[in-house]
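First comes the structure, then the notes that go with it.
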Amino acid sequence: MHELSIAMNIVEIAEEESKKAGATKVSEIELEIGTMSGIVIEALDFALDEAKKNSVLSNAKITINNIHAKARCIDCNHEFDIEELFTPCPKCNSFRNDIIQGKELKVKRLIAQ
Amino acid sequence: MCGTCGCGEDNTVRIQKPGESSDQHTHTHSHTHNHGDIEHSHDHIHDHSHSNPHSHDDLHSQQHSHSNGHTHEHSHNNEILIEQDILQKNNLLAERNRGYFEAKNIIALNLVSSPGSGKTSLLERSIKELGKEINFFVIEGDQQTMNDANRINEAGAPVVQVNTGNGCHLDSDMVNKAVKELDIKDNSVLVIENVGNLVCPSMFDLGESKRVVVISVTEGDDKPIKYPTMFASSDLCIINKTDLLPYVDFDIEKAKEYALQVNHHLEIIELSVKTGEGMDKWYDWIKKV
């Protein structure tokens, strides 16, 4: 359900940025959402459909780049893809790792008209 | 924001102290939605008077843009690189809260868990037993009712209740507003009891010093890997209701192992609010934050 708050924030950022640029519409917007960001993409899609109504984003093409998460093992320094927050290192089996990619939650760019 | 369809403003959030009548600090916005239609109709009835002379600024600026002689036949595409965190607004305000807490030497704890794990009972007992040593202040987050705030009030700590209405989590703005009602003393401990939910609150920084996740042995021992985001973002995990361990299938060692797989920095304290066993470890932890 928090995806709706996220969708509202995206619309707000688009409204602010297009206003700054003196534009009234956004034709395209690109988002970066990591697989470990805590966002369900399908839920965000659904929330955006509602949130964008009557906004600068109402007719915008929305592109979501889903960034796959990566971690670095603290014990052996190996970098690997993770599907879950508790994925062990495939090299040394340690659970002690730091996420180095995949927590992204951002508006990357937009095209204002 | 209306948590159901996304339109409107924070009309459903209510911030209130025990004993206050409900209309003292809230603006009532009656709010009609037409979900079936293409156009949304918004009827906001504001109880407070509007004396803002700039309320028509938007209209003026729109008129300006049409009177500059430009025709809009050629649309100019303007690519803007933004690279902005979607939660930036929440994060910025959270940092403001954090700065305020640090300046006043306030330890702010964000207490998160699923409903029924014993957050409020933990607080009640802590206030009663440690209240002489430490000044506790509490912000209670729930969708509805003043029940928790009333319990904390009876336990003897100043408290503000935030009712989020449809909202599933507290955000830094609600905490910012609640803090203004509380008048927190320097060198005290502020406990923010979040809405009972192991998913959504994990994404929203409130400006806390530490995040404390509570689970109880009547839940599954695989909670940490079922809801890993919350455990990954917490500093301390309290396992409550240990007095019930002989009667349930909860494997406490397994739960701890799972929790540490998700977050190897996590500290873990086992306790029973009911019997008091292990509470001293929790008190020691608060004192050394």
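The values are calculated or read from the model by the stated rules, or taken from the named source; none is laboratory data. Bear in mind that the values here come from a model prediction, so they are computed numbers and not experimental data. Cβ sites come from the backbone with ideal geometry, for glycine too, and all protein chains shown count toward neighbours. Only protein heavy atoms, including side chains, enter the accessible area calculation; ligands, DNA and RNA are left aside. Shrake-Rupley method; radii C 1.70, N 1.55, O 1.52, S 1.80 Å.
Quick notes on this structure:
- Each chain gives up part of its surface: B and A jointly bury about 3400 Å² of accessible area, both sides summed, for a 1.4 Å probe.
- Remark on the range B:88-288: hydrodynamic radius 16.9 angstrom, per the Kirkwood mean of 1/r across alpha carbon pairs.
- Residues in chain A average 48 Å² of solvent-accessible surface per residue, probe 1.4 Å, ligands and nucleic acids excluded.
- What you get for the range B:88-288, charging only the Cβ of Lys and Arg (+1) and of Asp and Glu (-1), is a dipole of about 420 debye around the Cα centre.
- Inter-label distance for B:Asn150 and B:Glu79, nm, one decimal - labels placed 7 Å from Cα along Cα-to-Cβ: 6.0 nm
- Equivalent-ellipsoid semi-axes for the range B:174-256 (Cα gyration tensor, √(5λ), whole Å, largest first): 29, 15, 10.
- Mean accessible surface per residue for the range B:88-288, computed with a 1.4 Å probe while every protein chain stays in place, in Å²: 41 Å²
- Once the Cβ-Cβ distance of B:Asn105 and A:Glu28 is raised to the sixth power relative to R0 = 41 Å, the FRET efficiency obtained is 0.30.
- Distance between the 7 Å Cα→Cβ label points at A:Asn65 and A:Glu83: 2.5 nm.
- 0 to 90° range, to nearest 10: angle between helix A:41-51 axis and chain A longest Cα axis: 20 degrees
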